[in-house]
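To start, the structure itself, in structure tokens.
Just so it is clear, none of the values below were taken in a lab; they were calculated from the coordinates. Given the structure is predicted, the values throughout are model-derived calculations rather than measurements. All Cβ positions, even for glycine, are placed from backbone atoms using ideal geometry, and neighbour counts span all protein chains on display.
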């Protein structure tokens with residue numbers, strides 16, 4: 001089985017808690033002797049997972065990001081399929097609450113979106129396989145553990161899968177600056193998928209055409225758009241407000 005790296009304390013702890021069988025080895029930066037380190041190393045000892053204290057230089061060489069002093073080698077996680085998601089939605093007693101990211105290529109934005117999805121209870125993040133950021137170690141680190149809790153589904157044909165969701169009764173709400181309705185006029189209470197496009201370009205034409213409703217986020221200042229992860233957070237929390245109400 002192929003190997004990948006997870007780094008950052010939240011990300012490593014999430015794997016340790018939810019998928020400990022994936023852990024192969026953990027490296028911790030020398031100089032750390034706090035309670036957090038002891039808790040993790042004690043758990044690794046119990047599981048029989050190898051770990052070592054190393055110089056920061058060795059961690060820097062393993063990963064290209066801010067590792068916070070901990071890196072783990074893990075077996076590659078199984079990727080969710082379209083059928084996996086549809087089966088999960090069919091088995092759930094809750095109305096679908098999904099996020100679709102069309103053309104978001106920055107792993108930092110993907111990770112931030114995943115983190116918000118975990119916070120508000122989104123059941124899955126859906127992206128097209130082409131021209132979208134994969135779930136890289138950087139995205140996992142930014143997600144602070146959410147990459148291990150929120151299913152990440154890459155689909156071959158996004159437009160076709162959106163039609164499948166519609167046939168399952170899911171209402172597709174897309175965001176577009178030129179939309180006449182605002183975020184606060186949308187109904188997020190039922191089975192919904194929020195569709196967000198890339199910064200600048202927005203959603204692709206076919207994605208836009210499949211949306212049941214287009215909305216905008218009111219902008220009262222001089223800037224004309226928000227970072228996609230910020231915009232996603234604004235929309236998801238409005239959806240959560242309505243769903244809790």
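For region 3-75, give the share of DSSP beta bridges that are antiparallel, in percent and rounded to the nearest 5; count only bridges with both residues there. Please list the in-between numbers first.
Numbers: 10 of 15 bridges.
Counting only bridges with both partners in region 3-75, antiparallel ones make up about 65 percent.
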Original post:
For the chain, what mean projected area does the convex hull of the alpha carbons give, in nm²?
Top reply: 15.1 nm²
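Full-extension gain between residue 54 and residue 17, please, as 0.36 nm times their residue separation minus the C-alpha to C-alpha distance.
Values: separation 37, 0.36 × 37 = 13.32 nm, distance 2.31 nm.
Here the segment from residue 54 to residue 17 would lengthen by 11.0 nm.
Given the rule -39500 (n - 2.57) for each run of at least 4 DSSP H residues, summed and divided by the residues of the chain, what is its mean residue ellipticity at 222 nm, to the nearest 500 deg cm²/dmol?
Per the formula, -11500 deg cm²/dmol.
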**OP:** Can you grab the distance from the C-alpha centre of region 9-26 to the C-alpha centre of region 180-237, Å, no decimals?
**Re:** 34 Å
Subject >> Ordering of 184-195, 108-119 by packing [mean C-beta count within 10 Å, highest first] >> reply: 108-119, 184-195
Original post:
Most mobile of 37, 12, 120 per a Gaussian network model of the chain (Cα springs, under 10 Å)?
Top reply: 37
**OP:** Mind pulling the angle between the C-alpha long axis of helix 35-47 and the longest principal axis of the chain? Nearest 10 degrees, somewhere in 0 to 90.
**Re:** 80 degrees
Original post:
Sorted from largest down, what three extents in whole angstroms do the Cα atoms of region 30-94 have along their principal axes?
Top reply: 49, 28, 22
**OP:** State the three equivalent ellipsoid semi-axes of region 152-234, derived from the C-alpha gyration tensor as the square roots of 5 times its eigenvalues, in descending order and whole Å.
**Re:** 22, 15, 11
**OP:** Can you tell me the FRET efficiency between residue 42 and residue 163 if r is taken as the Cβ-Cβ distance and R0 is 45 Å, rounded to the nearest 0.05?
**Re:** 0.35
Original post:
Can you give the angle from 0 to 90° between the axis of helix 107-120 and the longest principal axis of the chain, with both taken from C-alpha atoms, to the nearest 10?
Top reply: 80 degrees
Original post:
Just for the chain, what percent of DSSP beta bridges are antiparallel, to the closest 5?
Top reply: 30 percent
Original post:
Between the helical axis of 82-91 and the dominant principal axis of the chain, each derived from Cα atoms, what acute angle in degrees is found, rounded to the nearest 10?
Top reply: 80 degrees
**OP:** Could you quote the convex hull projected area for region 1-46, Cα atoms only and averaged over all directions, in nm²?
**Re:** 3.5 nm²
**OP:** Would you kindly work out the equivalent ellipsoid of region 54-165 from its C-alpha gyration tensor and give its semi-axes, the square roots of five times the eigenvalues, largest first in whole Å?
**Re:** 29, 15, 12
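Give the peptides 139-145, 165-171 in descending order of average Cβ contacts within 10 Å, highest first.
Working: 139-145: 25.7, 165-171: 15.6.
Taking the mean over residues of other Cβ atoms within 10 Å, the ranking is 139-145, 165-171.
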